[in-house]
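Remarks on the structure that follows.
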Amino acid sequence: MNSKLIQSSPIHQAAELQLPLKRTEPLYKRRVYKLLSGLTLPVVVLILWQVLGDKEYISTLLFPTPTTILDAFWNLYLTGELIDNLKISLVRMLSGFALGASLGLLIGLLVGLVWYVEKALDPTIQMIRMVPHLALTTLFVLWFGIGETAKILLIAKGSFFPLYINAYLGIRNIDTKYFDVARVLGFSRSKQLTRLIIPAIMPNLFLGIRLSVAISWLGLVVAEIMGSTSGIGYLMMDARAMSMTSTVFVGIVLFAVLGKASDLLVVSLERYMLRWRDSFQGL
């Protein structure tokens, strides 16, 4: 490459001027700034919502104020109704996610590694993936009733495909040169899997886990609304029938908080497991 072109490049100029190419703020400052930035919009919305409700500019029947929702949450907590239904919902979500995600990971790895398995399974799996999630709800009820089996399988169906696709694409996007080097070094099949394939597809796997967790929460809501006698979704449907809008909002906020908490857990695990990466953090 021409030396004049190298010297005129932004990276070379930054090096000469000793300009930082990465953010140099302390880690705790960035975390505090990120937390405050993320809380700004929700706090403003809640304050505006409360003020408009107190002044009766909006219907408190359709949009109960945040303080009313908080009172409903506290009353449900004191009676034990909230905790009991929350435990049931968590068991359903985790069971469905564990089943669907594990199968998605296993089959995704198999399809990505073996070409004839891809030819045999992938077209059918992709066709099933195109079937809308809600379209199978009635069919699952007919097959399995309204018991726990139908709910867990519906959640598992949703959590299967993100991990399947990301595991499959993660393997197929590995540069073939790495496999050539592995063969030169005499890596066995098992060593290629543990030393090359698994580390290379970890970013894809964590992306698939995040998507699977999100879809599992969505599947849980659908499963509990379609027919249930327990769970947060049932609590919301029962409250809707009795025009207890504040309780419906309690369920919505609870699902939002649980979804965000589970996503944050996966992101934290990803940062720890992939701490060797020097990825772009934004301008």
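The values are calculated or read from the model by the stated rules, or taken from the named source; none is laboratory data. These numbers were taken from a predicted model, which means no experiment stands behind them. Neighbour counts run over all protein chains shown; Cβ positions are idealised from the backbone, glycine included.
Quick look at the values:
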read-out: Positions within the stretch 4-48 being in a helix (DSSP H, G or I), among the hydroxyl-bearing types (Ser, Thr, Tyr), at pLDDT below 70 and loosely packed, with under 10 Cβ neighbours inside 10 Å, in sequence order; value: Tyr28
read-out: Failed criterion for Ile155 (all others in (1) farther than 21 Å from Pro203 by Cα; (2) surrounded by fewer than 18 Cβ atoms within 10 Å (Cβ to Cβ) hold); value: (2)
read-out: Residue ID - surrounded by the fewest Cβ atoms within 10 Å (Cβ to Cβ), chosen from residues in the stretch 119-141 that are charged (D, E, K, R) and touching a Phe, Trp or Tyr at 6+ places or on another chain (Cβ under 8 Å); value: Arg129
read-out: Selected residue (criterion: farthest from Val213 (Cα to Cα)) from residues of the stretch 239-257 that are free of Cβ contacts under 8 Å to residues at least 60 places away in the same chain and buried (at least 17 other Cβ atoms within 10 Å of the Cβ); value: Ala239
read-out: Residue tally, condition at negative phi and surrounded by fewer than 17 Cβ atoms within 10 Å (Cβ to Cβ), over the stretch 69-83; value: 9
read-out: Residue match in the stretch 190-207 (condition: of a type outside the set (Ser, Thr, Tyr), closer than 28 Å to Leu139 by Cβ and not in a loop (DSSP other than H, G, I, E, B)); value: no
read-out: Residue ranges of helices (runs of 4 or more DSSP H) in the stretch 49-146 with at least 1 members farther than 30 Å from Arg172 by Cβ; value: 66-79, 81-113, 135-144
read-out: Residue within the stretch 221-230 that is modelled with pLDDT of 85 or more, under 17 Å from the mean Cα position of the chain (by Cα), over 18 Å from Gly108 (Cβ atoms) and assigned to a helix (DSSP H, G or I) present; value: yes
read-out: Condition met for Leu211 (modelled with pLDDT of 90 or more, touching a helix residue (DSSP H, G or I) at 6+ places or on another chain (Cβ under 7 Å) and either at positive phi or part of a helix (DSSP H, G or I) (or both)); value: yes
read-out: The lone exception for Ile201 - which of (1) under 18 Å from Ile83 (Cβ atoms); (2) surrounded by 20 or more Cβ atoms within 10 Å (Cβ to Cβ) it fails; value: (1)
read-out: Selection from the stretch 158-191 of residues that are crowded, with 21+ Cβ neighbours inside 10 Å and among the aromatic types (Phe, Trp, Tyr); value: Phe160, Phe161, Tyr164, Tyr168
read-out: Residue under evaluation Gly233, criteria (1) under 18 Å from Phe73 (Cα atoms); (2) surrounded by fewer than 20 Cβ atoms within 10 Å (Cβ to Cβ); (3) touching an Asp or Glu at 6+ places or on another chain (Cβ under 8 Å), criterion not met; value: (2)
read-out: Residue within the stretch 103-117 that is in contact with an Asp or Glu (Cβ under 6 Å, 6 or more places away or on another chain), modelled with pLDDT of 85 or more, more than 17 Å from Ser216 (Cβ to Cβ) and surrounded by 15 or more Cβ atoms within 10 Å (Cβ to Cβ) present; value: yes
read-out: Selection within the stretch 62-90 - within 10 Å of Gly231 (Cα to Cα) and of a type outside the set (D, E, K, R); value: Leu82, Ile83, Asn85, Leu86, Ile88, Ser89, Leu90
read-out: Yes/no for Gly231 being on the phi > 0 side of the Ramachandran plot, touching a residue at least 12 places away in the same chain (Cβ under 8 Å) and of a type outside the set (Phe, Trp, Tyr); value: yes
